[in-house]
Amino acid sequence: MTKFIAAAKTQAGTNHPVNEDRLLLDGNVLCYGLVGDCEREMGCMAVFDGVSEGGHGAAASTLAAQAFAQAVRVFDTDAVNALQERLRMAGERAENDVETYAARYGLSVAASTVAGLVVAPDGHGAVFNAGDSRVYRLRGGVLAVLSCDHTPERRVGGVGAEYRDDAVSHCIELAIGLNQGGRNLEVKTTVMLPGDRYLICSDGIDGQIAQERLQQMLASDSTCAQLCEELYAEARVNGSTDDATLIVIEVGE
C-alpha cells in the first residue's frame, strides 16, 4: 500500500462570524481547527466552500460534506474505478440534499464548491471538484493544477447562470446546488508517486497566493502540518479575509 502523510486546517474569515467552509478527513466533517500530521494508506479528503444568500452557505457545505463522508468509503480491496463510481453517487446525493434545503427555505441560491482526492489502497487516486476550490500537485519541483475551475475565466460547456459573490469579487458557474454541479462532478484519475505533495484548498488560500509562491512553499522542508499554518498565514498577510480551508498531503518514499 502507498503510505502518505496528511494534515489540514479550516478557519473562518477575518470578518466572518461563521465559517462556511467545511473539511472532510478520515470520514469526519470539520468546521474549525487544525488536524496534525498523520500517516494514512487510503481515504477521502476534500474541502467545501459554501455560497448562498443570507448566511446559508454553512448549511450547504455541511450537507455536501456529509454526503461525501457517507458515500465515499474506501476499503482494502477497492480499485480506483469503484471509487470513481462512489464519487459520482456522492455528488448526486449532495446535489439532492442541497437542492432540498434550498427549496425548503425558498432560497434562489444555496450551493457549495468541492475539491478533493480519494486514494485507493494501490496508490491510484481520483481527483474531483465542482466550482473554484482546487487540487494542486507538486512533483519534481513543478506545481500543477489537477482540478478544473468552473468560472467565467475557464468555462465548461453546458453551464447556465452564474453566482456572483461581490464580497470576494468572483463568480462560479458550477457547484453542488448550482447548475447541477453535483451531478456533473469533474473526476479524473491520478497515480500518487513517492515524494509527491498535494494541496487541496478553498479560494481563501490560493486566491491570495501566486502559483510561483505556492510552488516555492510546497517545495520547502516544512511538514504537512507546518505548511498548513504557513500557507494560511501567507494568505492572511496577503489580504485574504475569506474563510480558508486546506489539506496538505505528502506521499512517502
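The values are calculated or read from the model by the stated rules, or taken from the named source; none is laboratory data. Keep in mind that this is a model prediction, so the values were computed, not measured. Note that we place each Cβ from the backbone using ideal geometry, even for glycine, and neighbour counts take in every protein chain shown. The accessibility values were calculated without ligands, DNA or RNA, using every heavy atom of the protein model including side chains. Shrake-Rupley method; radii C 1.70, N 1.55, O 1.52, S 1.80 Å.
Adding -39500 (n - 2.57) for every DSSP H run of four residues or longer, then dividing by how many residues the chain holds, sets the calculated 222 nm ellipticity at -8500 deg cm²/dmol. Of the two radii for the stretch 187-227, the radius of gyration is 0.98 times the Kirkwood radius, both from the alpha carbons; that is the Rg over Rh value. 3J(HN,Hα) along the stretch 123-137, derived from phi through the Karplus expression 6.51 cos²θ - 1.76 cosθ + 1.60 where θ = phi - 60°, amounts to x, 6, x, 10, 8, 9, 6, 8, x, 10, 6, 10, 10, 10, 9 Hz, with x in place of Gly and Pro. Overall, the stretch 45-97 carries a charge dipole of about 100 debye about its Cα centre when +1 sits on the Cβ of Lys and Arg and -1 on the Cβ of Asp and Glu, all other atoms neutral. Rounded to the nearest 20 debye, the dipole size of the stretch 1-148 about its Cα centre is 200 debye, using +1 on the Cβ of Lys and Arg and -1 on the Cβ of Asp and Glu. Considering only Val145, Val127, Val237, the Gaussian network model of the chain with Cα springs below 10 Å gives its largest mean-square fluctuation to Val237.
For the charge dipole of the chain, defined by +1 on Lys and Arg C-beta atoms and -1 on Asp and Glu C-beta atoms about the Cα centroid, which residue among Thr77, Ile205, Ser108 has the Cα displaced farthest towards the positive pole? Of the candidates, Thr77 comes out farthest on the positive side. Using only side-chain charges placed at the Cβ, +1 for Lys and Arg and -1 for Asp and Glu, the dipole size of the chain relative to its Cα centre rounds to 380 debye. Volume per residue of the convex hull around the Cα atoms, evaluated for the stretch 90-129, comes out as 60 Å³. Averaged per residue, the stretch 1-132 has 39 square angstrom of accessible surface, using a 1.4 angstrom probe with ligands and nucleic acids left out. Computed over the alpha carbons of the chain, Rg followed by Dmax gives 16.5, 51 Å. Ordering of 219-225, 40-46, 174-180, 9-15 by packing is 174-180, 40-46, 9-15, 219-225, highest average first (other Cβ atoms within 10 Å, averaged per residue). Sequence-distant contacts, meaning Cα pairs under 8 Å at least 6 residues apart, place the relative contact order of the stretch 1-148 at 22 percent. The chymotrypsin sites (Phe, Trp or Tyr not before Pro) found in the stretch 8-69 that occupy coil by DSSP, while having at most 15 further C-beta atoms within 10 Å, are Tyr32. Taking all Cα pairs closer than 8 Å and separated by 6 or more residues, the relative contact order of the chain comes to 25 percent. Its Cα gyration tensor gives the stretch 1-123 an equivalent ellipsoid; the semi-axes, largest first and in whole Å, are 27, 19, 8.
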